[in-house]
1. List the extent of the Cα atoms of the range 121-273 along each of their three principal axes, largest first, rounded to whole Å.
2. Scan the chain and report its longest stretch carrying no trypsin sites (Lys or Arg not before Pro) that are both in a DSSP loop and have at most 12 other Cβ atoms within 10 Å.
3. Return the whole-Å distance between the Cα centroid of the range 92-106 and the Cα centroid of the range 166-189.
4. Under the rule a/c < 1.5 gives rounded, and otherwise a/b versus b/c splits prolate from oblate, where does the range 249-376 land using the Cα gyration tensor?
5. What is the Cα radius of gyration of the range 1-139 over 2.2 N^0.38 Å, N being its residue count?
6. Quick check on the range 195-311: take the gyration tensor over C-alpha atoms, sort the square-rooted eigenvalues as a ≥ b ≥ c, and tell me if it's rounded (a/c under 1.5), prolate or oblate.
7. Rounded to the nearest percent, how much of the accessible area of the chain (1.4 Å probe, protein heavy atoms only) is carbon and sulfur?
8. At 1.4 Å probe radius, can you tell me the per residue accessible area of the chain in Å²?
Amino acid sequence: MATLQEKPVPFVDLTIPSDGLRQEIDFAVQRVFAGASFILGEVVNEFEQEFASYCGVKFCVTVNSGTAALHLGLLALGIGPGDEVITAANSFIATAEAISFCGASPRLVDVDPDTANIDINKIEEAINEKTKAIVPVHLYGQPADLTKIRLIAEKQGLKVLEDACQAHGAKFAGVRAGSLGDAACFSFYPAKNLGAAGDGGAFVTNNEELAEKVRLLRNHGSEEKYHHKIIGHNFRLDSMQAAVLNAKLPYLDEWNRKRRRLAANYSEQLKSLEGIVPISILPEAESVFHLYVVRVTDRKKVEVILKQSNIAYGIHYPVPIHLQPAYNFLQQEKGSFPNAENLSDSILSLPMYPGLTEEDQSRVVNALKRSSIPSI
Ligand SMILES: *Cc1c(COP(=O)(O)O)cnc(C)c1O
């Protein structure tokens, strides 16, 4: 069908959404140049204090990615060779990679088909004498059921490290992600709800000992230059990234409110459509909708119509961890985690970002309405 191409609806828009913020970022970046301190330093300390307080925890240690935060967090928790760490089968690969790079093995657990978060009822059967920790992933911005996960962890003597890389500002039972487990990890990858102008991440906790371990590990095991207590890494955050994050953090709640409003509107409009079901949100959860994801019966058909309408979309994620070539060695064939596998075949992420206009959102909804009319 040769129609006039409509203006594209992007999947995300990473341009700076307000003139005021653009000036604040310019000012913050100029301050870094003026101070000529480019790695860690005062600007990074400031952000660490602000972000800890935002999460409602005592300590924040920044690093250069969410992956690094998970890696160092697990090391600080004492995870090492021979250990198993429980996590969801459908996360971004970084969650499993961090476990692997500690020398431990990810023990994958299937997910709930409605929320796409780890299935609480399948955690206990995955626990054995090697299990040391659980890494629940707050997928798409919705916290996993940390009330139940903590009960299991306490009973079994396991640590809980939240993968909150998609959940800045989300809440479960009124408590912010980041303060629900023993510690939590965030990513400031540009497209995340709080994004830097490059890579960045943070480890947050109320446990001073864990925070100090991560602080050493991120900077060659040293507190004082050229004196090294332990063998560490170079996983430090740049001052430039901290400057951008400092400027953006005060806007995060407003952006999350906009995301929630857009999500509520999508859910309302899609309610009556056959073959399109939004990922469900638990009553105790306050999602920050890093992504707005629906399950569709006929994904090929929906994809064709979205493409024809010049609407961008995503699939998060098309291949579960156990079916990735990198994790062949786990020897978990197709069929091992049916819910994660079914989701990867049926999910679709719709355009979602604070600046998404009502007009563009209507175009997405209308395209989905067309795709849900049963074909003859
Ligand atoms: C983004 C992300 C990560 C990794 O963060 P990076 O900053 O890209 O290293 C880990 N886990 C989840 C669930 C993510 O979405």
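1. 63, 44, 23
2. Result for the longest clean stretch: 1-129.
3. 20
4. oblate
5. 1.45
6. prolate
7. Roughly 52 percent of what the probe reaches on the chain is carbon or sulfur.
8. Value returned for the chain: 45 Å² of accessible area per residue.
The values are calculated or read from the model by the stated rules, or taken from the named source; none is laboratory data. What you see is a predicted model, and the numbers here were worked out from it, not measured in a lab. Glycine gets a Cβ as well: all are built from the backbone with ideal geometry, and neighbour counts include every protein chain shown. Ligands, DNA and RNA are excluded from the accessible area calculation, which covers all protein heavy atoms including side chains. Shrake-Rupley method; radii C 1.70, N 1.55, O 1.52, S 1.80 Å.
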